[in-house]
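Input: a single structure, listed below in structure tokens.
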Amino acid sequence: VSTSQIPRLPEYLVESVLAELPPEVADFVVQACVCDWLTGTLADELLERTDGAALLERVVGSGLPLERRESPGAEPVYRWHPLMAASGRALLQRRDPNRMRELEGRAARALASRDPVEAAAHALKGRDPELASALVRSRWLAAVLRGDSALVEELCGQLPGPYADDPGILAIRAACLRNSGDADRAAEFDRRARAGVDLDAGTGRLDLTIS
């Protein structure tokens, strides 16, 4: 969700909502908005704290748009309203872009085993295309089977060169496009992938790690 739809929303949040919260909670909210969803454990990993669960409960109690969902035997999951998440990120980017980039990298590493596709998106925002590429290459099939072909293809398209021109990434894009019904573009990426394989260096097969 783009905050450009409501240009004054970040300022409104600062002036009329966050300013009414204790400074520690307000600071936590802005930084925690880097992730669309959190658990107490994830909040601790992201922000290097030990009280993430307690702070998330304080945010829920404050009335901010943070939804709490529970599942038996698991930590509660807290999800921001999309406008709230987008606004918090806009505020953090304006206040401290270096901290924003650092937190995107932390989110990528923290989410790598939980949601590799989302982790790859964070890695790209944190300017770590090597991690993003590795996550896509290792977990693309599970994401495609889950119905996220378009998302995986979009992430591949956001990789900078030479990552975007890697034969493995090109082959993944082809598979995603074929799965989405775009046979013509899939064939083009297949051709580019085959052309990029160094047949003299091995078997000529694309090595796509799947886990």
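No lab work stands behind these numbers, since they all come straight from the coordinates. Just so we're clear, the structure is a prediction, and the values are computed from it rather than from any experiment. Because the Cβ atoms are built from the backbone with ideal geometry, glycine has one as well, and the counts that use them run over all protein chains shown.
3J(HN,Hα) along segment 176-185, derived from phi through the Karplus expression 6.51 cos²θ - 1.76 cosθ + 1.60 where θ = phi - 60°, amounts to 5, 5, 5, 5, 8, x, 9, 5, 5, 5 Hz, with x in place of Gly and Pro.
In this simple spin-label approximation, Q93 and S113 carry label points 7 Å from Cα along the Cα→Cβ vector, and these lie 3.1 nm apart. Can you find, among L21, G40, P160, the residue sitting farthest towards the positive end of the charge dipole of the chain, where Lys and Arg contribute +1 and Asp and Glu -1 at Cβ? My answer, from the dipole projection, is P160.
Just to be sure I understand: with springs between alpha-carbon atoms less than 10 Å apart, which residue in P23, P167, P116 has the highest mean-square fluctuation in the Gaussian network model of the chain? Per the Cα network of the chain with a 10 Å cutoff, P23 tops the list. Once the GluC sites (Glu not before Pro) in DSSP loops with at most 16 neighbouring Cβ atoms within 10 Å are cut out of the chain, the longest remaining piece is 71-211. Using a Gaussian network model of the chain whose springs link C-alpha atoms within less than 10 Å, name the residue from G161, G147, G73 with the highest mean-square fluctuation. Greatest mean-square fluctuation among the candidates belongs to G73. Normalised by the number of residues in segment 1-155, the average gap of Cα pairs under 8 Å and 6 or more apart makes the relative contact order 19 percent.
Note on the chain: with a GNM built from Cα contacts shorter than 10 Å, the maximum mean-square fluctuation among D184, D128, D165 falls on D184. Here the label points at S62 and A187, each 7 Å from Cα along the C-beta direction, are separated by 5.6 nm in the simple model. Counting only Cβ charges, +1 for Lys and Arg and -1 for Asp and Glu, the dipole size of the chain around its Cα centre is about 300 debye. Hull volume per residue, based on the alpha-carbon atoms of the chain and their convex hull, is 144 Å³. Working note: Karplus 6.51/-1.76/1.60 with θ = phi - 60° gives segment 42-55 the couplings 5, 4, 5, 5, 5, 10, 6, 10, 10, 10, x, 4, 5, 5 Hz, where Gly and Pro are set to x. On the basis of the beta-carbon distance and an R0 of 22 Å, V77 and A54 show a calculated FRET efficiency of 0.90.
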